[in-house]
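Inspection log for the structure reproduced underneath, given as structure tokens.
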Amino acid sequence: MSHAIRAASHADVDAMAEVWVLADGKRRADIGLRATATVEQARHLVVDRLGRPGSIPVVARDGDNVVAMAIGLPARENDGAGPDAIPGLLHVSLVAVVPTAWGRRLAARVLTTLLDDARTAGYTAAQLWAHESNTRAIAVYERLGFTRTSRTKVDIHGESIAHWHRPLS
């Protein structure tokens, strides 16, 4: 089955929020945790990311349905809390695939498109944070050339996350 990979728009916000909730809920359920995000909370995240200057949103569609997504943003100092962008560094955010499409390499395709678009826009490197328990996503990131750095922290839900980085050359 062929999936169309393209830039996302504000018309995709609700579908992107749904993809995020389904993917994160399934990931959390698979490790024995309850879902934490509502569609409305996810919608706010997506709207926030799409509204930031320099946002590079990408979706995969299966017919009329968004089935995968990722958003790239200019990385900011202090893990996003700082006022200034870090020149040349893209922060990858909200990578998600609906669970019914897991295993179809959609995350890799969406991320490859995102990284190609970022390279064209002048970025020289990319970073992301991944839940240490998310072995499925980590395998994708490793296949795409991301390497784990020594940085780790705990997210707002108490899960350990690790920092990943890769050059875009």
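What follows draws every value from the coordinates through simple rules; no lab data is involved. The structure displayed is predicted, hence computed values, not measured ones. Here Cβ is always computed from backbone atoms with ideal geometry, including for glycine, and neighbour counts include all displayed protein chains.
For the chain, with only Lys/Arg (+1) and Asp/Glu (-1) charged at the beta-carbon, what is the dipole magnitude about the Cα centre, in debye rounded to 20?
Values: 20 positive and 18 negative charges, 92 e Å.
For the chain, the charge dipole is close to 440 debye.
What is the distance, in nm, between label points placed 7 Å from the Cα along the Cα-to-Cβ direction at ASN78 and at ARG34?
If labels sit at ASN78 and ARG34, their model points lie 3.4 nm apart.
What's the Kirkwood radius of the range 112-159 in Å, using all Cα pairs?
Averaging 1/r across every pair of different Cα atoms and inverting gives 12.3 Å.
Among SER133, SER93, SER150, which one shows the highest mean-square fluctuation when the chain is modelled as a Gaussian network with alpha-carbon springs under 10 Å?
Evaluated over the chain, the most mobile residue of the options is SER150.
Rounded, prolate or oblate: pick one for the chain, where a ≥ b ≥ c are the square roots of the eigenvalues of its C-alpha gyration tensor, a/c under 1.5 means rounded, and failing that, prolate if a/b is larger than b/c, else oblate.
In terms of gyration-tensor shape, rounded.
Treating only the Cα positions of the range 31-119 as identical point scatterers, give the base-10 log of I(q)/I(0) from the Debye formula at each q in 0.12 Å⁻¹.
For the range 31-119, the Cα-only Debye profile gives -0.42.
Could you tally the net charge around THR113, taking each other residue with its Cβ under 14 Å from the Cβ of THR113, Lys/Arg +1 and Asp/Glu -1?
Local charge sum for THR113: +3.
Using helices alone, what [θ] at 222 nm do you get for the chain, with -39,500 (n - 2.57) per DSSP H run of 4 or more residues, divided over all residues and rounded to the nearest 500?
-10500 deg cm²/dmol
Only Cα pairs under 8 Å and at least 6 apart count here; give the relative contact order of the range 31-169 as a rounded whole percent.
RCO, the range 31-169: 18 percent.
GNM, the chain, Cα, under 10 Å: largest mean-square fluctuation among ARG61, ARG143, ARG27?
ARG143
How big is the charge dipole of the range 80-169 about its Cα centre, in debye rounded to the nearest 20, if each Lys and Arg gets +1 on its Cβ and each Asp and Glu gets -1 on its Cβ?
320
From zero outward in steps of 10 Å, how is the percent of C-alpha pairs of the range 1-55 spread across the bins?
Each 10 Å bin holds this share of Cα pairs: 23, 42, 29, 6.
Stokes-Einstein D for the range 84-169 at 4 °C, 1.567 mPa s, Kirkwood Rh over Cα pairs, in µm²/s?
Value of D from the Cα-based Kirkwood radius: 95 µm²/s.
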